[in-house]
1. Among (1) outside any strand (DSSP E or B); (2) at pLDDT 95 or above; (3) more than 27 Å from LYS299 (Cβ to Cβ), where does ASN11 come up short?
2. Hey, could you check segment 15-27 for residues that are in a loop (DSSP other than H, G, I, E, B) and over 30 Å from LEU64 (Cβ atoms) and say which is least open to solvent (accessible area, probe 1.4 Å)?
3. Could you tell me which residue of segment 112-122 is farthest from the chain's Cα centre (by Cα), considering only residues that are part of a loop (DSSP other than H, G, I, E, B) and not aromatic (Phe, Trp, Tyr)?
4. Given the residues ARG34, ARG77, ARG12, ARG84, which is the only one that is among the basic types (Lys, Arg) and surrounded by 17 or more Cβ atoms within 10 Å (Cβ to Cβ)?
5. Looking at (1) part of a strand (DSSP E or B); (2) crowded, with 24+ Cβ neighbours inside 10 Å, which is the one condition that is false for LEU93?
6. Given (1) free of Cβ contacts under 8 Å to residues at least 40 places away in the same chain; (2) open to solvent by less than 30 Å² (accessible area, probe 1.4 Å), identify the lone condition not met by VAL195.
7. Within segment 213-229, is there a residue that is of a type in the set (Ser, Thr, Tyr) and closer than 23 Å to GLY25 by Cβ?
Amino acid sequence: MNGLPTHLLNNRTAEKIELTEMGFGGAPLGNLYRKVSEADAQAALQAAYDNGIRYFDTAPQYGLGRSEERFAQAIKRFGRENIRLSTKIGRLLLDCEPEEVTPEAFVDVPQKRIVFDYSYDGVMRSYEASKARLQIRNADILFVHDVCAFSQGSQEASDARVRELFDLGGYRALSELREAGEIGAIGAGVNEWQVCEKLLGLADFDCFLLAGRYTLLEQEALESFLPLCEARDVGIILGGPYNSGILATGAVPGAKYNYADAPPDILERVRRIEEVCAAHSIPLVAAALQFVLGHPCVKTVIPGAVDAAQVEANLAVLKTSIPAGFWSDLKSGGLVREDAPMPEERTCYAA
């Protein structure tokens, strides 16, 4: 097994939760955008485990339960005690007629429809259903899923979901589960740092799974949110380090930025970053992945994978050696914020 560094989620939880520097994001295994065979899904999970990844994240949304069910088969092989596991609440999966199925961005899904529910009962029902699909006694981390404006469609809808979480007892349910030792930590999995900052102003959260909002292209979270996380000892699990594509593909025709075609200013900025990468013989994708790990609050990064080859590729990117001079050149070129913490010089891990 190749060893990966581990980082404590924070120093406040009753049980110390260590996460490997790279985790495994389970959305693709719910057949995100395309069908993934059972063989490829299990091979991806196994490759992650065999290469030292010990943190796995999933959610009911991902394939209307399919990702969690696939995780269950892998967890039987790994042993639940050998991994850290997170899932999410906020969406109940209900039986329905074929025309009522709500697959969202997933394909080949079970005959279920999604009902958003952040109430006390909704949290408890969602968690019990996840445990049944995962065939586990407990999760290590439980996230409130998608209360952000990006997912809910508007700021008003996001605000309503946050109110529901507190007014209808959803946060109380999470707190009770944490206090009972049923789960080790609670947080939110969202696409915007602003709602995380709002949640921190309302209650005690241990961590956040933040998708795409702290990257080589986006560092606004440094203005208030990430300093608050440092002050409150809140860990960040970083998803979407490539801004949905462009920081992996480069500024190619049709490159995606936040799930849409990249605008001209983003394309130009990525081209300039690629020039610095070329000068140091560094792949853009490696720079993007490792940049996020430079911030002390970021404990792990969780790119997805649909087969073993993608897992191996993700690990190779993580292990790419990047000299300190590369990071200083990005700053001197005005391509990242001056106050952005940069990764220390990294060397390839020993096998």
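1. With (1) outside any strand (DSSP E or B); (2) at pLDDT 95 or above; (3) more than 27 Å from LYS299 (Cβ to Cβ) applied to ASN11, the lone miss is (3).
2. Kept after step one, since they are in a loop (DSSP other than H, G, I, E, B), are these residues of segment 15-27: 15-17, 21, 23, 26.
Subsequent filtering for residues that are over 30 Å from LEU64 (Cβ atoms) retains 15-16, 21.
Working: GLU15: 93, LYS16: 96, GLU21: 15 Å².
For segment 15-27, the residue satisfying everything is GLU21.
3. If we filter segment 112-122 for residues that are part of a loop (DSSP other than H, G, I, E, B), which is where we start, we get 117-119.
Among the residues that remain, those that are also not aromatic (Phe, Trp, Tyr) are: 117, 119.
On the way: ASP117: 21, SER119: 23 Å.
Selected residue: SER119.
4. On the way: ARG34 fails: surrounded by 17 or more Cβ atoms within 10 Å (Cβ to Cβ); ARG77 fails: surrounded by 17 or more Cβ atoms within 10 Å (Cβ to Cβ); ARG12 fails: surrounded by 17 or more Cβ atoms within 10 Å (Cβ to Cβ).
None of the other options fit; the residue is ARG84.
5. (2)
6. (1)
7. From segment 213-229, those of a type in the set (Ser, Thr, Tyr) are 214-215, 224; that's our starting set.
If we keep only those that are closer than 23 Å to GLY25 by Cβ as well, we get 214-215.
Yes, segment 213-229 contains at least one residue that is of a type in the set (Ser, Thr, Tyr) and closer than 23 Å to GLY25 by Cβ.
Matching residues to (1) out of contact with any Phe, Trp or Tyr (no Cβ under 9 Å at 6 or more places or on another chain); (2) part of a loop (DSSP other than H, G, I, E, B); (3) in contact (Cβ under 8 Å) with a residue 12 or more places away in the chain:
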site	(1), (2), (3)
LEU29	no, no, yes
ALA39	yes, no, no
GLN42	yes, no, yes
GLN61	no, yes, yes
GLN73	yes, no, yes
PRO110	yes, yes, yes
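The values are calculated or read from the model by the stated rules, or taken from the named source; none is laboratory data. Model, not experiment: these values are computed from the prediction. Because the Cβ atoms are built from the backbone with ideal geometry, glycine has one as well, and the counts that use them run over all protein chains shown. Protein only, heavy atoms only, side chains kept; ligands, DNA and RNA dropped before computing areas. Shrake-Rupley method; radii C 1.70, N 1.55, O 1.52, S 1.80 Å.
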